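Report on one structure; see the data block that follows.
The values are calculated or read from the model by the stated rules, or taken from the named source; none is laboratory data. Worth saying up front: this structure is predicted, and the values here are computed from it rather than measured. Ideal geometry is used to build each Cβ from the backbone, glycine not excepted, and the neighbour counts take in all protein chains shown. Accessible surface is based on the protein model in full, side chains and every heavy atom, while ligands, DNA and RNA are left aside. Shrake-Rupley method; radii C 1.70, N 1.55, O 1.52, S 1.80 Å.
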Amino acid sequence: MIETSLQRVLFVNSGGFKLCDIDLSKSLHLYGGNNAGKTTIVNALQFAFVDNFKQMVWDGHKEDETKKHYFDSYSYIVFEVSTPTGPQCLALLGQGPGNSFGFQRWRYNGTLEKAAYVDDNDEKISPRDNQYVKSYFAKMEARGPLTGKEIQQWITGRGETPFCVAPLKRASDFSKYKKVFTNLLRLEKLTALEMRGLLVACSDVVTNELN
């Protein structure tokens, strides 16, 4: 059985990184001084696990500040995930200042190819432009831009070739799942009793752990 999990994440001109390529297929320890990008990386995981930007947690930062931080012109965040149907990529394209630093999400089958998003030959790092990336998407028969509902279905296992990382029995429990996930990103704000209460409320997500 194929394990359902994140395998890799790539930041290109996003989150303060010119280029950041992280292997998530094994245990990872992040360390560094203030403003090194640790929180930026952790918080960005929400883009693969939460469907609605307004329900994500940004440690007190305003929405417009956060969008600008991640999604300036020619900015990309790409997740490679293992799914029941094989490897897939979820790619986020920054829309830049002309579109209020919004973003689009696209999904395609296959592994993450860094060269599709950045040219780093001869030690010079240059992000690909959106036209180049979308041409790559066409080649990969990517689906997108994805709606929030499509992302929710992809996360919970109800969509076409889904990620299925949160295989809920009831779609109505998705809001509970999001509350658990976003709270897990800021453990310092959770007590043991609160954690237990949230996990019990979302027992469809964590049945094995509860047993």
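Evaluating 6.51 cos²θ - 1.76 cosθ + 1.60 at θ = phi - 60° for every residue in region 103-119, the Karplus couplings come out as 8, 10, 10, 10, 10, 8, 7, x, 8, 7, 10, 4, 5, 6, 10, 8, 9 Hz, glycine and proline recorded as x.
Projected over all directions and averaged, the alpha-carbon convex hull of region 1-136 occupies 9.1 nm². Calculated mean residue ellipticity, 222 nm, the chain: -8000 deg cm²/dmol, from DSSP H runs (n ≥ 4) at -39500 (n - 2.57) each, averaged per residue and rounded to 500.
Rolling a 1.4 angstrom probe over the chain with all protein chains present gives an accessible area of which 49% lies on carbon and sulfur atoms.
Derived scalar couplings between HN and Hα for region 11-16 equal 10, 10, 6, 9, x, x Hz in order, rounded to whole Hz, by the Karplus curve 6.51 cos²θ - 1.76 cosθ + 1.60 (θ = phi - 60°), x for Gly and Pro.
Angle of helix 192-201 to the longest C-alpha principal axis of the chain, folded into 0 to 90 degrees and rounded to 10: 90°. Rounded to the nearest 20 debye, the dipole size of the chain about its Cα centre is 560 debye, using +1 on the Cβ of Lys and Arg and -1 on the Cβ of Asp and Glu. Put the Cα centre of region 101-166 next to the Cα centre of region 9-75 and the gap is 16 Å.
With all protein chains in place and ligands, DNA and RNA left out, the 1.4 Å accessible area ranks L92, L185 as L185, L92, largest first. Accessible area per residue (1.4 Å probe, heavy atoms of protein chains only) ranks K67, K176 as K176, K67, with the largest value leading.
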